[in-house]
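Enquirer: This structure is in structure tokens; I'll ask about it shortly.
The values are calculated or read from the model by the stated rules, or taken from the named source; none is laboratory data. As the structure is a prediction and not an experimental result, all values here were calculated from the model. Using ideal geometry, Cβ is built from the backbone for each residue, glycine included, and neighbour counts are taken over all protein chains shown. Just the protein is used for accessible areas: all its heavy atoms, side chains included, with ligands, DNA and RNA removed. Shrake-Rupley method; radii C 1.70, N 1.55, O 1.52, S 1.80 Å.
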Amino acid sequence: TPATPAAAAQPKAATPAARKVNLNTAAAADLDGLPQIGPARSKAILEARGKARFKNWDDFVARNVVPKNAEEAIKDLVSF
């Protein structure tokens, strides 16, 4: 049974979940790693933030950078 607690402590969820992706500073590769975000959508995020930083979630949504399904998928995984 000693392997069970060690295995439970090992899942990768601890690191990615603990660190949100900042939409104002993340590299394209980090954005690509988000659910529903691939190269085209990460490029759209980079271009939008190049014009002006995102103030908050409402500002990000108001700019229609990604479709609604992608917004819902990343909402709890990002910061500003």
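Enquirer: Could you go through segment 49-61 and let me know if any residue there is over 14 Å from the mean Cα position of the chain (by Cα) and among the acidic types (Asp, Glu).
Expert: yes
Enquirer: Are any residues in segment 39-80 of a type outside the set (D, E, K, R), open to solvent by 20 Å² or more (accessible area, probe 1.4 Å) and closer than 14 Å to Ala27 by Cα, and if so, which ones?
Expert: The first filter runs over segment 39-80 and keeps only residues of a type outside the set (D, E, K, R), leaving 39-40, 42, 44-46, 48, 50, 52, 54, 56-57, 60-62, 64-67, 69-70, 73-74, 77-80.
After this cut, where a residue has to be open to solvent by 20 Å² or more (accessible area, probe 1.4 Å) as well, the list is 39-40, 44, 46, 50, 52, 56-57, 61-62, 64-65, 67, 69, 73, 77, 79-80.
Across segment 39-80, the qualifying residues are Pro39, Ala40, Ala44, Leu46, Gly50, Ser79, Phe80.
Enquirer: Filter the helices (runs of 4 or more DSSP H) completely within segment 1-65 down to those with at least 1 residues that are in contact with a strand residue (DSSP E or B) (Cβ under 6 Å, 6 or more places away or on another chain) and modelled with pLDDT of 95 or more.
Expert: Filter on segment 1-65 gives 28-32.
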